[in-house]
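What follows is one structure encoded as structure tokens, with my remarks underneath.
The values are calculated or read from the model by the stated rules, or taken from the named source; none is laboratory data. Keep in mind it's a predicted model, so treat the numbers as computed, not measured. Because the Cβ atoms are built from the backbone with ideal geometry, glycine has one as well, and the counts that use them run over all protein chains shown. Surface areas here come from the heavy atoms of the whole protein model, side chains and all, with no ligands, DNA or RNA. Shrake-Rupley method; radii C 1.70, N 1.55, O 1.52, S 1.80 Å.
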Amino acid sequence: MSQRENGNIEPVAWANGCIRLLDQTKLPHQVCWVEIDNWRDTASAIRTMIVRGAPAIGCTAALGLALAGRCTIAPGRDAFLDKLQVAADGLCEARPTAVNLSWAVNRLMTLARSIAEVTEIKQALIDEALKMIDEDIQINRKMGKFGAELLPDTCNVMTHCNAGALATAGFGTALGVIRAAVEEGKHVNVFADETRPRLQGLKLTAWELMESGIPVTVITDNMSAALMHTNRIDCVIVGADRIASNGDTANKIGTYGLAVIAAHHKVPFYVAAPVSTFDSSLANGLGIPIEQRDPTEVTHVDGLSLGPQNVAAWNPAFDVTPAELITAIITERGVIRPPFTGSIASILKVAE
Ligand code: MRU
């Protein structure tokens, strides 16, 4: 396994002038990597979920744009920037919900447009994409420290989907909070929803927590109410793909239902996300684009059809949890609480 400091998994890396992705479609049974040397294959890897999770696809898209820059030949700076914009648009279209993707691509395009020489732009794109990977890990560690303060010394924590090292450049957002608490000596038991239909909880979250030696128990998605009713659950922590100005939060399908169940049982519901996940152009969650995926992800498991042939299926990849169900949002700049419209606006103004 490729690992960084402190046992962290490295899902996105730059090696020998290529992007190297840990192939998350093969986990947990095979640990293998895919090497990519052009932006179109990068977009395809994002679309087919070889790499997944909002910050991880942002970092991958940034490296993809750097590849596009390196490979582009054009008769002058303007033509070069036009071609780069085509790649930027193609990368942004790969998956619509996680705003980190367009945030990363736009950051690189702004940088490219600020530089006069094409050769300098090409190098700057690579340097900036690599900087974003390092920054993401530092951000997750900061978020972890803030979030760990919310956890009791011994606790049971529920999570949904994968918001761990695999979903970021390393360490994780929601799982980063859990990792940081464990590093501080706290005893955290994790209950991971399996997360139908793609089973990120079972295949990814359970795998990476076990690799880190953090106790984890998997439940099917329809067990969370019974679990909260019968066991003491201290809190739920999830990641996010996009957060509107009022705190409405898009995350993996099923997050909304979990938040409703948590509210009924008076269990605190925390979202852990970097400030790059906030979309200040949206007043509320109604404007968040929700990716619709192939219905066979619902009717089939690992390619095996489980239902009647050709049955219709609905497959939104994400849902939006209304802000009133969220107890607090953990960011790298601190923990913010309702009313979110004010607290989000204030935290976005804070310089690092
Ligand atoms: O469809 P996926 O696997 O990319 O969805 C991932 C999630 O929904 C994560 O919870 C979210 O991106 C937060 S990642 C730190």
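A few comments on the model shown:
- Hits in the stretch 302-321 (condition: small (Gly, Ala, Ser) and surrounded by 13 or more Cβ atoms within 10 Å (Cβ to Cβ)): ALA313, ALA317
- Residues (open to solvent by less than 10 Å² (accessible area, probe 1.4 Å) and of a type in the set (S, T, N, Q)) located in the stretch 122-149: ASN140
- Cβ separations smaller than 9 Å between residues 6+ apart or across chains give the following pairs from the stretch 299-319 residues that are in contact (Cβ under 8 Å) with a residue 24 or more places away in the chain and over 20 Å from THR48 (Cβ atoms) to residues that are assigned to a strand (DSSP E or B) and within 16 Å of the ligand (Cβ to nearest atom): ASP319/ALA250; ASP319/ASN251; ASP319/LYS252.
Yes or no, residue by residue, for (1) modelled with pLDDT under 95; (2) closer than 24 Å to ASN100 by Cα; (3) not charged (D, E, K, R):
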site: THR205; (1), (2), (3): no, yes, yes
site: GLU208; (1), (2), (3): no, yes, no
site: ILE214; (1), (2), (3): no, no, yes
site: ASN222; (1), (2), (3): no, no, yes
site: ALA225; (1), (2), (3): no, no, yes
site: VAL238; (1), (2), (3): no, yes, yes
site: ARG242; (1), (2), (3): no, yes, no
site: ASP248; (1), (2), (3): no, yes, no
site: VAL260; (1), (2), (3): no, no, yes
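- Considering only residues in the stretch 87-108 that are open to solvent by less than 10 Å² (accessible area, probe 1.4 Å) and in a helix (DSSP H, G or I), the one that is nearest to THR48 (Cα to Cα) turns out to be LEU91.
- Scanning the stretch 246-261 turns up at least one residue that is open to solvent by less than 10 Å² (accessible area, probe 1.4 Å) and either of a type in the set (D, E, K, R) or touching a Lys or Arg at 6+ places or on another chain (Cβ under 7 Å) (or both).
- Inspection of the stretch 143-152 finds a residue satisfying the criterion of being within 23 Å of ALA104 (Cα to Cα), in a helix (DSSP H, G or I) and at pLDDT 95 or above.
- Some residue of the stretch 41-54 being open to solvent by less than 20 Å² (accessible area, probe 1.4 Å), away from the ligand (no atom under 16 Å from the Cβ) and of a type outside the set (Gly, Ala, Ser): no
- Residues of the stretch 280-301 classified as charged (D, E, K, R) and open to solvent by less than 20 Å² (accessible area, probe 1.4 Å), total: 1
- Restricted to the stretch 206-296, the set of helices (runs of 4 or more DSSP H) holding at least 2 residues that are within 16 Å of the ligand (Cβ to nearest atom) and among the hydrophobic types (A, V, I, L, M, F, W, C) comprises 206-211, 255-264.
- The numbered conditions (1) within 11 Å of the ligand (Cβ to nearest atom); (2) surrounded by fewer than 21 Cβ atoms within 10 Å (Cβ to Cβ); (3) within 29 Å of ASN189 (Cα to Cα) are all true for GLU324 except (1).
- Sub-7 Å Cβ pairs linking a first residue in the stretch 10-24 that is open to solvent by 20 Å² or more (accessible area, probe 1.4 Å) to a second residue that is of a type in the set (Lys, Arg), at least 6 apart or interchain, are GLU10/ARG4, ordered by first then second residue.
- Some residue of the stretch 267-278 being under 25 Å from TRP314 (Cβ atoms), out of contact with any Gly (no Cβ under 8 Å at 6 or more places or on another chain) and open to solvent by 40 Å² or more (accessible area, probe 1.4 Å): no
- Tallying residues that are open to solvent by 10 Å² or more (accessible area, probe 1.4 Å), touching a residue at least 60 places away in the same chain (Cβ under 8 Å) and not in a strand (DSSP E or B) within the stretch 153-162 yields 2.
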